[in-house]
Amino acid sequence: MSDDFIFTSESVTTGHPDKLCDQVSDAIVDHFLGQDPNAGIIAECAMASGVLFISAHYASRGGFAIPDVARAVIRGVGYPRAVFDADACTIMTSFMDHTERDYRPLDLDALDDEALGRITAKDQVTVFGYACDQTDSLMPLPITIAHALARRLDDPDLEQELPYLLPDAKVQVGVEYRAGQPLRIHSVALETSQQEDANAGLDRLRADLIHGVITPVLAAQPVAPDGNTHYFINPEGPVIGGGPAVHAGLTGRKTGIDTYGEYARHSGAALSGKDPMRIDRVGAYAARYAAKNAVAAGLAGECEVQLSYSIGSAGPVSLRVRTFGSGRIDDAEIARRLQQHFDFRIGTIVRDLRLRRLPAEHPEGFYRKLAAYGHMGRTDLDVPWERTDRAAALG
């Protein structure tokens, strides 16, 4: 199998309807857990022109104001009222209160090992964590560059420079690999939306985005574009309005963007909109934590950790490690060390990573911030699964 290839990854801005739904869903999670760390909440959203639908199942002793939370998120993204009005849009809701049946407050810090073992997964899932030495964040390079471009498109300074742009944009980055290592930037594609009355044709749009977005972002990357790099700026023409007025959104539809840009496997399950007792969310974080520490310890140049959970099991029924020929030691030995130094039971993951308490400690939002630019590789946030504090023990 050839190790010479081109790989592309995609990211989107905060105003993309799918990502807007993810942000609303995770803002609702923050809202419940910020008041009540023991709350259970599952929130999903769908949106189209002028309409947002929210479905939420919850068990909590705290109060809630879900429509207000949603409107605040939409308002913060910054659409003009003519495109999507946070205050006037229709919000339809379907709420199910499970408090009397399902609310069971647990102080995980006070539980002994036996009690933690009685907290079991409520869903069957196989999750994957991945890390590699292509970037300082130990993430694949294509998705890292794509997120950097999306973040630049969302930068308030760019809004001042290019006021005709709207918050909905999509980015794709292609990286050429030689012998399995990043060699050069093969291509960059940007599709942005703009105001209807903007006097910005494709020539101006191309010049503005290359100068204001692409050039400064690519200058900071470990590999560079060259004379053969392809640039595609709105290849199908201008996108007027953008956002929910042009295409619908749905929570959990951008799982590749949330994880590794499809460079590595992921479960396919939505990460946003779920409280920390959902193993398909926190198991993905735990697997990334383990894989990143294995690479940081120098055990491999890339590492995939697979955890398989069954309903009723506290921990994974299977742990598998693959290093794709880059391991300094056998994959089985890496797996043994991970089992020795990590506890992958759901109760222990939530306790050790403090996943129930983080929203109260970040009143500006914790999970909502993960709903754009990826849940993995977040060097801009102090997320516990991105720490490499167990690398020394693994080595």
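Among 90-96, 305-311, the peptide with the highest mean count of other Cβ atoms within 10 Å heads the list, and the full ranking is 305-311, 90-96. Of all the options ALA372, ALA150, ALA56, the one that moves most in a Gaussian network model of the chain with Cα springs shorter than 10 angstrom is ALA56. When the Gaussian network model of the chain links Cα atoms closer than 10 Å, the mean-square fluctuations of ALA198, ALA43, ALA371 top out at ALA198. Test of the criteria: in segment 66-148, which trypsin sites (Lys or Arg not before Pro) are in a DSSP loop and have at most 15 other Cβ atoms within 10 angstrom of their Cβ? Of the trypsin sites (Lys or Arg not before Pro), the ones in loops of segment 66-148 whose Cβ has at most 15 other Cβ atoms within 10 Å are ARG81, ARG118, LYS122. Taking all protein chains into account, the per residue accessible area for the chain stands at 42 Å² (1.4 Å probe).
Along the positive direction of the dipole of the chain (beta-carbon charges: Lys, Arg +1; Asp, Glu -1; about the Cα centre), which of LEU183, VAL321, LEU205 reaches farthest? Looking along the dipole axis, the top candidate is VAL321.
For PHE232, the residues 5 or more places off, or on other chains, whose built amide H falls under 5 Å of its own are VAL188, ALA189, LEU190. Put +1 on the Cβ of each Lys and Arg and -1 on the Cβ of each Asp and Glu in the chain; which of ASN228, ILE143, ALA332 then has its Cα farthest toward the positive end of the dipole? It is ALA332, whose Cα lies furthest towards the positive end. Segment 69-98 and segment 245-286 have Cα centres lying 21 Å from one another. Cross-link partners among lysines for LYS19, C-alpha distance below 16 Å, same-chain residues fewer than 8 apart left out? Output for LYS19: LYS170, LYS254, LYS274, LYS369.
Once C-alpha pairs closer than 8 Å and six or more residues apart are averaged by separation and normalised to the residue number of the chain, the relative contact order reads 27 percent. If you roll a 1.4 angstrom probe over the protein chains with everything in place, what fraction of the accessible area of segment 1-100 belongs to carbon and sulfur, to the nearest %? Summing carbon and sulfur atoms, their accessible area is 53 percent of the total for segment 1-100.
Using Cβ point charges alone (K and R +1, D and E -1), the dipole size of the chain about the Cα centre works out to roughly 780 debye.
Computed about its Cα centre, the charge dipole of segment 33-190 is approximately 520 debye, with only Lys, Arg, Asp and Glu carrying charge at their Cβ.
Counting protein heavy atoms only, segment 246-377 has 46 percent of its accessible area on carbon and sulfur, 1.4 angstrom probe.
The values are calculated or read from the model by the stated rules, or taken from the named source; none is laboratory data. Everything numeric in this text was worked out from a predicted model, so none of it was measured. Positions of Cβ are generated from backbone atoms using ideal geometry, with glycine treated the same way; all protein chains shown enter the neighbour counts. Each accessible area value is taken on the protein alone, full model and side chains, heavy atoms only, with ligands, DNA and RNA left out. Shrake-Rupley method; radii C 1.70, N 1.55, O 1.52, S 1.80 Å.
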